[in-house]
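Novice: Would you mind keeping the following structure in view while I ask a few things?
The values are calculated or read from the model by the stated rules, or taken from the named source; none is laboratory data. Predicted model, so just to flag it, every value in this text is computed and none were measured. Virtual Cβ from ideal backbone geometry, glycine too; neighbours counted across all protein chains shown. SASA here: full protein model, heavy atoms, side chains in, ligands and nucleic acids out. Shrake-Rupley method; radii C 1.70, N 1.55, O 1.52, S 1.80 Å.
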Amino acid sequence: MSDLVSIFLQLLLFKLVAPVTFRHHRYDDLVRTLYKVHNECPHVTRVYSIGRSVKGRHLYVLEFSDYPGIHEPLEPEVKYVGNMHGNEVLGRELLLQLSEFLCEEFRNRNQRIVQLVEGTRIHILPSMNPDGYEVAAAAQDRDISGYLVGRNNANGVDLNRNFPDLNTYIYYNEKNGGPNHHLPLPDNWKNQVEPETQAVIQWIRSFNFVLSANLHGGAVVANYPYDKSLEHRVRGFRRTANTPTPDDTLFQKLAKVYSYAHGWMHQGWNCGDYFSDGITNGASWYSLSKGMQDFNYLHTNCFEITLELSCDKFPRQEELQREWLSNREALIQFLEQVHQGIKGMVRDENYNNLADAVISVSGINHDVTSGDHGDYFRLLLPGTYTVTATAPRFDPETVSVTVGPGEPKLVNFQLKRSTPPAAPKRRGPNSGHRGRVLPKKVQPRAARKKEMMVKQSQRVPA
Ligand SMILES: [Zn+2]
């Protein structure tokens, strides 16, 4: 009898301290796991859906915050997106592990995690392409996995070639003047994208995301924008020219934070490819049009990088624990990167919050805007900057600010209404606003044709 009791107690104990299980999660299992984490940490999590896949599967997000469901002014929003290519599955599993880890460590009062969850609103979308995943997983079970089986969504579309192409506009504007941020969507964009892409676009438009990573597989490297190389007037050549954003040094640092905190990404030689420091400009690796990374930067305030995490797109279950241990610190450190640069409130003289005010940093031709609550976040490396806040019908305000390596510096703006009659409007090169009319027909027919030819000759990408 006492043996039975002892076995029972041991089983109970095992259940209580059961380690996180390392297995591949099919869709139902994934949903159960998200709700399990929510049930274990109900006060700091929320599960919500951003829409459905072609086959009707929900695209579930798990949110971590001390006030789930609420944006707290000056608390930045961060996101992770996994499994956009259905057959690249490591990111999906890592994000489930991360969810369980954040919950457990929060409950254990791990000070680093408590501080992260209380000071950051974290959104985790483990699978952007649940339909593709099911196809890939079924093929694995039957041992007939091709390199591309399950990559696309159920309509056969590659979701990372499915976002509106805003690069063509920005490259034109960089040369000829015009908005340098928040480029508008084409009028009929909803008809041009897949349901999963539409859900993600609506999602990233409805939160003021500051930082993001998109998790892929097939290589091991941290890839930063731009992904699409600047068009050259050379016919018949694949363009793989380094195409930096105005925030290039910052993006390189963000990518390096991940690669150096990762077990071996920073070593450079992986999967038969070499990337110095384990990072690469997307376009200098291979040019990619209509990707999610460039879209985030050009249409929203969000700085996104793309993480290629494993040579094998569908690693064996036995490798998941090792992968988790080599990515865990990197996943946490990357989230912490959202706390740098400057942030603050933009208000009028009566302390009303001003949404959509434009924050410009001299020398960096990419502005950000304040969110619905009047708060803004501008990631910056340490240094001294001249920062200007502008809003329609208000006088601009300019300050000089020195940013250190630690916590972001708080820089609030209180704008005064312009005195009527308004002086003739002047705009510097950095003062683009939403809704300004874009030049039409910036991509001639020949360039488009060329782009299609290039696409066909590309290697199978990660
Ligand atoms: Zn991929």
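Novice: Starting from the range 155-175, take each residue that is within 13 Å of His299 (Cα to Cα) and list its partners that are in a loop (DSSP other than H, G, I, E, B) and within 16 Å of the ligand (Cβ to nearest atom), counting only C-beta distances under 6 angstrom and pairs at least six apart or across chains.
Specialist: Filtered contacts from the range 155-175: Phe163/Lys290; Asp165/Ser289; Asp165/Lys290; Asn167/Lys228.
Novice: Okay, moving on. Determine which single condition Arg205 fails, assuming it passes every other condition in (1) surrounded by 16 or more Cβ atoms within 10 Å (Cβ to Cβ); (2) charged (D, E, K, R); (3) under 16 Å from the mean Cα position of the chain (by Cα).
Specialist: Here Arg205 clears every test but (1).
Novice: So, His339, is that one closer than 16 Å to Ile122 by Cβ and either open to solvent by less than 10 Å² (accessible area, probe 1.4 Å) or more than 15 Å from the ligand (Cβ to nearest atom) (or both) or not? I'd like the intermediate steps shown before the answer.
Specialist: On the way: closer than 16 Å to Ile122 by Cβ: yes; either open to solvent by less than 10 Å² (accessible area, probe 1.4 Å) or more than 15 Å from the ligand (Cβ to nearest atom) (or both): yes.
Judged against the criteria, His339 is a match.
Novice: Give me the residue from the range 306-325 that is assigned to a helix (DSSP H, G or I) and touching a strand residue (DSSP E or B) at 6+ places or on another chain (Cβ under 9 Å) and, out of that set, surrounded by the most Cβ atoms within 10 Å (Cβ to Cβ).
Specialist: At the first step, the residues of the range 306-325 found to be assigned to a helix (DSSP H, G or I) are 317-325.
When the remaining residues are screened for being touching a strand residue (DSSP E or B) at 6+ places or on another chain (Cβ under 9 Å), the result is 319, 323.
Numbers: Glu319: 14, Glu323: 19.
So, considering only residues that are assigned to a helix (DSSP H, G or I) and touching a strand residue (DSSP E or B) at 6+ places or on another chain (Cβ under 9 Å), the one surrounded by the most Cβ atoms within 10 Å (Cβ to Cβ) is Glu323.
Novice: If only one of Thr402, Thr419, Thr398, Thr390 is modelled with pLDDT under 95 and polar (S, T, N, Q), which one is it?
Specialist: Details: Thr402 fails: modelled with pLDDT under 95; Thr398 fails: modelled with pLDDT under 95; Thr390 fails: modelled with pLDDT under 95.
Every option except Thr419 fails the conditions.
Novice: If you don't mind, another one. Among the listed residues Asn160, Asn155, which satisfies the condition of being modelled with pLDDT of 95 or more and assigned to a loop (DSSP other than H, G, I, E, B)?
Specialist: Numbers: Asn160 fails: assigned to a loop (DSSP other than H, G, I, E, B).
Testing whether each residue is modelled with pLDDT of 95 or more and assigned to a loop (DSSP other than H, G, I, E, B) leaves just Asn155.
Novice: On to the next question. Taking the range 240-291 as the region of interest, how many residues are open to solvent by less than 20 Å² (accessible area, probe 1.4 Å) and under 18 Å from His366 (Cα atoms)?
Specialist: Count: 7.
Novice: Would you mention how many residues in the range 150-192 are within 16 Å of the ligand (Cβ to nearest atom) and open to solvent by 20 Å² or more (accessible area, probe 1.4 Å)? Reasoning before the result, please.
Specialist: Let us first name the residues in the range 150-192 that are within 16 Å of the ligand (Cβ to nearest atom), namely 150-153, 156-163.
Narrowing the set further to residues that are open to solvent by 20 Å² or more (accessible area, probe 1.4 Å) leaves 152, 156-158, 161.
So the count comes out to 5.
Condition check ((1) within 15 Å of Val78 (Cα to Cα); (2) buried (at least 22 other Cβ atoms within 10 Å of the Cβ); (3) hydroxyl-bearing (Ser, Thr, Tyr); (4) not assigned by the TED database to the domain that holds Lys79) across all residues:
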| site | (1), (2), (3), (4) |
| --- | --- |
| Leu331 | yes, yes, no, no |
| Arg347 | no, no, no, yes |
| Tyr351 | no, no, yes, yes |
| Ile359 | no, yes, no, yes |
| Ile364 | no, no, no, yes |
| Asp367 | no, yes, no, yes |
| Ser370 | no, yes, yes, yes |
| Gly374 | no, yes, no, yes |
| Phe377 | yes, yes, no, yes |
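Novice: Do we find a residue being more than 16 Å from the ligand (Cβ to nearest atom), at pLDDT 95 or above and in contact with a Pro (Cβ under 7 Å, 6 or more places away or on another chain) anywhere in the range 329-336? Outline the logic, then answer.
Specialist: Just the residues of the range 329-336 that are more than 16 Å from the ligand (Cβ to nearest atom), to begin with: 329-336.
So of that shortlist, the ones also at pLDDT 95 or above come out as 329-336.
Now drop any that are not in contact with a Pro (Cβ under 7 Å, 6 or more places away or on another chain), which leaves none.
No, there is no match, as no residue in the range 329-336 is more than 16 Å from the ligand (Cβ to nearest atom), at pLDDT 95 or above and in contact with a Pro (Cβ under 7 Å, 6 or more places away or on another chain).
Novice: Give the residue that is nearest to Asp143 (Cα to Cα), with candidates limited to residues of the range 290-348 that are among the small types (Gly, Ala, Ser) and touching an Asp or Glu at 6+ places or on another chain (Cβ under 9 Å). Give the derivation first.
Specialist: So in the range 290-348, the residues among the small types (Gly, Ala, Ser) come out as 291, 310, 326, 330, 341, 344.
From what's left, touching an Asp or Glu at 6+ places or on another chain (Cβ under 9 Å): 291, 310, 344.
Details: Gly291: 30, Ser310: 19, Gly344: 54 Å.
Residue satisfying both the conditions and the ranking: Ser310.
Novice: Can you list the strands (runs of 3 or more DSSP E) found entirely within the range 208-305 that contain at least 1 residues being touching a residue at least 60 places away in the same chain (Cβ under 8 Å) and within 16 Å of the ligand (Cβ to nearest atom)? So that I can check it myself, show each step before the final result.
Specialist: Values: elements: 209-216, 219-224, 279-281.
Those strands (runs of 3 or more DSSP E) span 209-216, 219-224.
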